[in-house]
1. Take A:Val303 and decide whether it is assigned to a helix (DSSP H, G or I) and closer than 17 Å to A:Lys375 by Cβ.
2. Which of the following residues is at pLDDT 75 or above, in a helix (DSSP H, G or I) and either surrounded by 12 or more Cβ atoms within 10 Å (Cβ to Cβ) or not assigned by TED's automatic domain parsing to the domain that holds A:Thr246 (or both): A:Glu9, A:Glu25?
3. Only one of these is within 17 Å of the chain's Cα centre (by Cα) and farther than 30 Å from B:Trp96 by Cα: C:Lys69, C:Lys83, C:Lys147, C:Lys90. Name it.
4. Residues that are under 19 Å from the mean Cα position of the chain (by Cα), over 28 Å from A:Met163 (Cβ atoms) and within 12 Å of chain C (Cβ to nearest Cβ): list the helices (runs of 4 or more DSSP H) wholly contained in the range A:226-278 that include at least 1 such residues.
5. Since B:Gly108 meets every condition but one in (1) within 24 Å of B:Gly21 (Cβ to Cβ); (2) among the small types (Gly, Ala, Ser); (3) at pLDDT below 90, which condition does it not meet?
6. Specify which of the listed residues (C:Ile63, C:Ile31, C:Ile38) is closer than 30 Å to A:Ala254 by Cα and more than 14 Å from chain A (Cβ to nearest Cβ).
7. Which residues, taken from the range B:88-135, are assigned to a helix (DSSP H, G or I), hydrophobic (A, V, I, L, M, F, W, C) and within 11 Å of chain C (Cβ to nearest Cβ)?
8. Taking the stated definitions as given, is B:Asp68 facing another protein chain (nearest Cβ under 9 Å) and acidic (Asp, Glu)?
Amino acid sequence: MSTPYNTTEDYFDVPVLTGQLPPKEKRTKLLQALLDMDPDISFDDPLENDMILNMGPSHPATHGVLRILLRLDGETIVNAMPELGYLHRGYEKIAENETYHEFITHTDRLDYLQPVHNNIGFILAVEKLLGIEAPPRAQYIRTMLGELARISSHLVAFGVMAMDVGAMTLLLWCFREREKIHDIFDLVIGARFTTSYTRIGGLSQDITDEGLHAIRAFLEQFPERLNEGERLLNRNRIFVDRCRGTGVISGEQALAWGLTGPNLRASGVALDLRRDTPYLVYNDLDFEVITEPECDSLARYYVRLREMKESVRMVYQCMDKIPAGSIHAHEPKKVLPRKERIYTRMEELIHDFMIVNFGVNPPSGEVHHAIESSKGQLGFHIVSRGEGHPWRLKIRSPSFCNLQALPVLLKGHMLSDILAILGSLDPVMGEADK
Amino acid sequence: MGLESALGEGYLTTTLDALIGWARKNSLWPMPMGVSCCAIELMSAGDPRHDISRYGMEVMRFSPRQSDVMIVAGTVTYKMAKVVRKIYDQMAEPRWVIAMGACASSGGMFRSYSVVQGIDLFVPVDVYAAGCPPRPENLFNALLVLQKKISSSSVLEYRNSKESLIVT
Amino acid sequence: MNLHLEQLVNTLRERFGDAVEDVVDFRDDVIVTVHRDIIVEAATLLRDNPECPFPLCEDVFGIDAFTEKKRFEVNYRFFSLEKNERVHLKVRVDEDDAVVPSITDVFPCAGWYEREAWDMIGVTFSGHPDLRRIYMPEDYEYFPLRKDFPLMGVSGSIPLPKRG
């Protein structure tokens, strides 16, 4: 079989056998960094005892393409080095060449478990730059569907963490519930997964009574399903023993390492951007910020579980308070006009032509807007020089920042704890690699 | 290797071809090379609503040695291409590749410096499934087309027949 | 600009004088341009500020402004939990002298953020414990987010396996 790779050295960056490291000039920088990070490990045995294990990018449990190099002393992890970049698609460079409307579809693929939330985050940053605000009905619908997206993302985190630890049933149950949420998105938005729902100044389409009815039907049966899942795991000896006490990081350490979202709240720090720097209609909703005092994987699991229940309450409140009205702001040169008016009136035709071809022309300046996504704080920093496309768009992705704490979380644990810790940290590589 | 070398030409081979093709197509074990968003739709294809085990494919073996078809689901970057090719090389023949999604088929919406514009630049692909991401029903369509290809291909000519089929 | 941020800007001005070069307030976002020599002390001051501490470093990233002088900018964003405020510091460096002191001693989370800025823009951070590429392969020669780097990249810069 002729392949372009003929020698073992071409295939493997790290040694296959225990104790055999490549000579210093042939080591990759990653391997050298892994060995350098703990220079004070001393061994009695002259043959080095530690083994280098590559938990490679193609792995069933790494939540995507994450490569972790582990330095093991037997089964105990001495050091861990995550390597990213296997899904680096060049979002920020693409954004410099596309108009703001064209980039909305790209934001779907960032944190691909909750596309609606990414759309919301990006469009709020663009609307802040333009200085316009969507009408109240659009804001309520955005909040409602955003919370549904949060529920669907936490369901995946829930199911995949349970599957990695060994409880496979839960994955199938969670995906069954997720299919119901996908049906709701399909009905309301038109796409089940990559939605691209928001537009500058509003939404792409309005929600009908049928859609509201479908959401209510889902929410009525959802707490019982969640209960079934809880009954499987909460007092399950194996699950609790595997997760309790693993991946402990205190509140100050978590802040120092840049953790946000449920991971930070499980260390006792009550930071939730929905309450602290409110956006959309979170000012009018009544919800709790969920924290847990123990800072381990089990606490992160509990935070996500209780957040799902809070989200259900929030969606009920939104549905009761949703006002009637239009879903598009009245800003002719910035908001895409309605199709029926484009075909019949001249001004709308010209505006549509200008907006689609040259983009909305925002003022020059830099803005930043951050939302609380299900992984943490998702921020978009837009540098505009007055053209239709941004000069620079920086995406502050929570998974990238959460993964930085992985070596701190893994040190000292055993090999099989990696899955519980990584599952509780819940990174999404589409976001971490941008 | 194995069956092919023991067979010669003749009427026996067509019946055996049909039998082997039927056995192979109904017991495909996929290797889910789930790289990004399409991987979530691949997982959805395995959930109770769209049940992939009715085709016998719920056995998602993450080991290339034990699998028949590699479903590349997601955007493959240049850094990841080396890894995908390694996994493909480790699969035992007969092996097939499904390019799931727009990104795997042609680079998709990511026309940038780090994305490979289609995995057929470095692995031979049998079926392309279009969509961003393709719905699970679309993935099943691709799997059925692959099954048709497997059942109609001759065991002796396996290595020569590498035409790809496009599914929309 | 609200009260806390005004006090903060005044504190910075008193402490560092001329090194605080510019303050911009656009849509309620305050951006303070400082000289690169004082960035570590400014970060320490922000973290330990008694009235309004900023314990969370949200982000560190680079911008290629593509101007003749002071081409690269490094931006730092901090968040205060007590007062729910954000502040943005900016450091501008020339193309020939693109070195900025690293703030990883003050904020450990800046480790990966600065690696990303090095990878994408090419600004070196002196004193960084582990300055390697993070997104592109280790031996990649170019800096993708510079304005003179094409969107489709340089063909052949990362080798692709051969199709068998």
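1. Details: assigned to a helix (DSSP H, G or I): yes; closer than 17 Å to A:Lys375 by Cβ: yes.
Yes: the conditions hold for A:Val303.
2. Numbers: A:Glu9 fails: at pLDDT 75 or above.
Exactly one residue qualifies, and that residue is A:Glu25.
3. On the way: C:Lys69 fails: within 17 Å of the chain's Cα centre (by Cα); C:Lys83 fails: within 17 Å of the chain's Cα centre (by Cα); C:Lys147 fails: within 17 Å of the chain's Cα centre (by Cα).
From the options C:Lys69, C:Lys83, C:Lys147, C:Lys90, the qualifying one is C:Lys90.
4. Values: elements: A:237-243, A:251-256, A:262-265, A:273-276.
By residue number, A:251-256, A:273-276.
5. Here B:Gly108 clears every test but (1).
6. Working: C:Ile63 fails: more than 14 Å from chain A (Cβ to nearest Cβ); C:Ile31 fails: more than 14 Å from chain A (Cβ to nearest Cβ).
Result: C:Ile38 is the single residue among C:Ile63, C:Ile31, C:Ile38 that is closer than 30 Å to A:Ala254 by Cα and more than 14 Å from chain A (Cβ to nearest Cβ).
7. Within the range B:88-135, the first condition is being assigned to a helix (DSSP H, G or I), and the residues that meet it are B:88-90, B:102-106, B:119-121.
Narrowing further to those that are hydrophobic (A, V, I, L, M, F, W, C): B:102-104, B:119, B:121.
B:Ile119, B:Leu121, listed by residue number.
8. Numbers: facing another protein chain (nearest Cβ under 9 Å): no; acidic (Asp, Glu): yes.
Against the criterion (facing another protein chain (nearest Cβ under 9 Å) and acidic (Asp, Glu)), B:Asp68 does not qualify.
The values are calculated or read from the model by the stated rules, or taken from the named source; none is laboratory data. For clarity, every value in this text was computed on a predicted model and none was experimentally measured. Every residue, glycine as well, gets a Cβ built from its backbone with ideal geometry; the counts of neighbours run over all protein chains shown.
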